[in-house]
1. Somewhere in segment 96-117, is a residue of a type in the set (D, E, K, R) and crowded, with 19+ Cβ neighbours inside 10 Å?
2. Mind listing just one residue for me: the one in segment 164-188 that is within 15 Å of residue 390 (Cα to Cα) and not in a helix (DSSP H, G or I) and, of those, farthest from the chain's Cα centre (by Cα)?
3. Looking at residue 93 and the list (1) touching a residue at least 24 places away in the same chain (Cβ under 8 Å); (2) among the β-branched types (Val, Ile, Thr); (3) surrounded by fewer than 22 Cβ atoms within 10 Å (Cβ to Cβ), which single condition is not satisfied?
4. Among the residues of segment 354-361, is any without any contact (Cβ under 8 Å) to a residue 40 or more places away in the chain and either outside any helix (DSSP H, G or I) or among the polar types (S, T, N, Q) (or both)?
5. Is it true that residue 178 is under 24 Å from residue 376 (Cα atoms), crowded, with 18+ Cβ neighbours inside 10 Å and at pLDDT 95 or above?
6. Yes or no: segment 38-50 includes at least one residue that is surrounded by fewer than 22 Cβ atoms within 10 Å (Cβ to Cβ) and assigned to a strand (DSSP E or B).
7. So, in segment 216-239, exactly how many residues are assigned to a helix (DSSP H, G or I) and within 15 Å of the ligand (Cβ to nearest atom)?
8. Is at least one residue of segment 298-311 within 15 Å of the ligand (Cβ to nearest atom) and in contact with a strand residue (DSSP E or B) (Cβ under 6 Å, 6 or more places away or on another chain)?
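The values are calculated or read from the model by the stated rules, or taken from the named source; none is laboratory data. These figures come from a predicted structure and were not determined experimentally. Cβ: placed from backbone, ideal geometry, glycine included. Neighbour counts: every protein chain shown.
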Amino acid sequence: MKTLNDFNFNTKKALIRVDFNVPLDENFKVTDATRIEAAKPTIDKILADGGSVILMSHLGRPKGKEEKYSLKHILTKTSEVLGKEVKFAEDCIGSVAEEAAKNLQPGEILLLENLRFYAEEEAGDVDFAKKLASLGDVYVNDAFGTAHRAHASTTIIAQFFPNDKCFGTLLAKEIESLNKVLKDSEKPVTAVLGGSKVSSKITVIENILDKVDHLIIGGGMTFTFIKAQGGKIGNSICEDDKMDLALEILEKAKAKNVQIHIPVDVIAANAFSNDAETQIVNVNEIHDGWQGLDAGPESLERFKKVILESKTILWNGPLGVFEMENFAKGTIALGEFIAEATEKGAFSLVGGGDSVAAVKQFGLEDKMSYVSTGGGAMLEMLEGKSLPGIDAILR
Ligand code: AMP
């Protein structure tokens, strides 16, 4: 796996695909610069070598050239985070970009305009990729968030740098962390899968059964499994058409010697609302009109025991409706168990959308071994798929 350390960037122009798709407020101010901060180590290394940096990214989903999606809005923030002036090219290809790239001196940074102002980007157009490629000497992919897309700047472009392409620090770390869970994991390995639906996690569950010793299933998925086994789930969320699949998963887990842990009790509510009445009930005996919205205390005790005995932990998906304070306790407790296990030496990886949001919201981010930056890309890797953006560098 080629990384930045395999290159000396002295006098070289590094063309880096970053993921600067950051949230903006109504005044076009960056509200969360995490993604810019995440690219800093890569940029710093190249500049320290005596190279220059050309940054390319998308922002939002523009239809053609739309002012509100211009990357010029993030220029000030990017300079602030990187601690250096950042130049801007008002186009990502053509004479404007070429001129700006040509004039770039060692130690300087250039940000190109939104790649998605051209439909060719998402279409994976070869000519467009070639034009982008002409701007730099070395191609660096540091955008995990788009690594599962075969876009011009994430995948197609790599062919124009047969020897001069590598992963940035961030992307290398994502791959390494996932390998620590899926390939070279220290046992026992536990995966916690929560969230709302079985259907969106089914491929992950199937792939993960070959890699783990324990699988904790929580969140809304719980009830499809419980109903399939004959439990009464009241008005809890359930996918009736996935009940057979749930039973199949349980059978497969048994055959593979994977211990499955499903909540035994839940916090049930008489409405999907933070102000609803609540009661702790056996997961198999939820009354009509009531729905399970969080894991109960007995379940959490059991999960804690499993987590604290684990050496490798993967967490994807909340244990309850954590957006509502009264149903966030299970998710917070789980995060704290994983933090404790991590402190004792376990490797923990949190990835995929809502669990990352939960970990950040509850201040647990720094207590995990690694928190992934890519939702969809992470899920596809957990599903066992190879990602085009990664393959293009390895090829
Ligand atoms: P996902 O995007 O599939 O990871 O699902 C995350 C969503 O699942 C969050 O918005 C949670 O509020 C929701 N969720 C978790 N537990 C439950 C539950 N018991 N009932 C309904 N929704 C849930």
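1. So the first thing to find is which residues in segment 96-117 are of a type in the set (D, E, K, R), and the list is 98-99, 102, 108, 113, 116.
So of that shortlist, the ones also crowded, with 19+ Cβ neighbours inside 10 Å come out as 113, 116.
Taking every residue of segment 96-117 in turn, at least one turns out to be of a type in the set (D, E, K, R) and crowded, with 19+ Cβ neighbours inside 10 Å.
2. 164
3. Answer for residue 93: the failing condition is (3).
4. yes
5. The answer is no for residue 178.
6. no
7. Going through segment 216-239 one residue at a time, the tally reaches 9.
8. Yes - at least one qualifying residue is present in segment 298-311.
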